[in-house]
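Below is one structure, written out as structure tokens, with a few remarks after it.
The values are calculated or read from the model by the stated rules, or taken from the named source; none is laboratory data. Everything numeric in this text was worked out from a predicted model, so none of it was measured. Note that each Cβ is placed from the backbone with ideal geometry, even for glycine, and that neighbours are counted across all protein chains shown. The protein model used for the area step is the full one, side chains on, heavy atoms only, and it has no ligands, DNA or RNA in it. Shrake-Rupley method; radii C 1.70, N 1.55, O 1.52, S 1.80 Å.
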Amino acid sequence: MSYRENANEQGEEALSLRWPWLLPLAAGVFLGATVFEMMPEAVDKAGTSAWLWGAIGILAFILVRDGLDYLGRGGLPWVATLGIWLHSFLEGAVVATGYGVGLVVGILVSIGMILHLIPEVGAVIALLTATGLSFREALIRNGITWGLIIIGFLTVYFFLPSLSAKVLGSALAVGAGGFAYLAYLSFHERVWSLAPSLVFVLLGTLLVGLIRLVA
């Protein structure tokens with residue numbers, strides 16, 4: 001039984017069922033975050049080894065999902081949750097390194113981070129409701145996102161001020177691999193046919209690219 005069928009049996013009206021363009025758009029947002037944000041920064045900090053860490057990230061998220069499914073814990077919703085939590089923690093770490101350079105740089109990085117997270121959090125909510133979670137449950141899980149940003153910031157700013165760029169870049173690449181997998185999962189769970197879905201994937205990707213260009 002698929003996650004969507006299970007959601008229907010429970011009487012859940014997922015956002016993606018009311019607005020079928022949401023999941024393809026979410027897939028585009030995850031893809032855009034991977035291509036325009038996370039991997040470029042990972043490669044910049046860690047070099048070409050970032051690609052290997054990205055592949056490890058994809059494999060790790062696949063194993064987590066399959067392992068949780070095997071244990072009957074609902075792998076897909078937890079993989080989506082862990083993906084945004086890891087990403088948020090790392091965003092906090094990146095912001096902390098920005099403040100290490102200077103106040104103005106830190107403020108600019110903070111603004112950019114907030115702008116980037118808005119569509120990404122929305123994409124995770126769409127994916128979580130599609131897997132059978134209620135809108136309230138999806139909001140609660142995403143609410144923890146903002147706390148993890150603060151934790152990531154405090155951890156790096158106060159306890160790991162000398163964190164090497166290569167280590168941070170490798171971690172970002174693992175997160176990018178997770179987001180690439182979330183892009184696949186979002187597209188796989190869609191209810192629309194291929195052609196219109198691809199249009200909204202493209203729109204979601206371009207949206208993140210535009211935010212990256214502006215911020």
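I'm checking my understanding of the structure. Among residues of the stretch 91-106 that are farther than 17 Å from I211 by Cβ, in contact with a helix residue (DSSP H, G or I) (Cβ under 9 Å, 6 or more places away or on another chain) and not small (G, A, S), which one is surrounded by the most Cβ atoms within 10 Å (Cβ to Cβ)? So, considering only residues that are farther than 17 Å from I211 by Cβ, in contact with a helix residue (DSSP H, G or I) (Cβ under 9 Å, 6 or more places away or on another chain) and not small (G, A, S), the one surrounded by the most Cβ atoms within 10 Å (Cβ to Cβ) is T97.
V167 fulfils the conditions (1) out of contact with any helix residue (DSSP H, G or I) (no Cβ under 7 Å at 6 or more places or on another chain); (2) under 21 Å from G112 (Cβ atoms) except for a single criterion, (2).
The combined condition, being β-branched (V, I, T), under 30 Å from G47 (Cβ atoms) and surrounded by 14 or more Cβ atoms within 10 Å (Cβ to Cβ), is not fulfilled by T129. Exactly one residue among Y99, Y3, Y70 is modelled with pLDDT under 90, among the hydroxyl-bearing types (S, T, Y) and under 24 Å from G204 (Cα atoms), and that residue is Y3. Entry remark, the stretch 133-148: residues being buried (at least 22 other Cβ atoms within 10 Å of the Cβ) and in a helix (DSSP H, G or I) number 1 in total. Just one of (1) open to solvent by 60 Å² or more (accessible area, probe 1.4 Å); (2) in contact with a Ser or Thr (Cβ under 7 Å, 6 or more places away or on another chain) fails for P77. It is (1).
What are the residue pairs meeting all of these: first residue in the stretch 87-105, first residue closer than 18 Å to P119 by Cβ, second residue of a type in the set (D, E, K, R) and surrounded by 14 or more Cβ atoms within 10 Å (Cβ to Cβ), Cβ atoms under 8 Å, and 6 or more apart or on different chains? What qualifies is H87/E120; V94/E41.
Would you tally the residues in the stretch 190-204 being touching a residue at least 40 places away in the same chain (Cβ under 8 Å) and either surrounded by 23 or more Cβ atoms within 10 Å (Cβ to Cβ) or part of a helix (DSSP H, G or I) (or both)? Total satisfying the criteria: 10.
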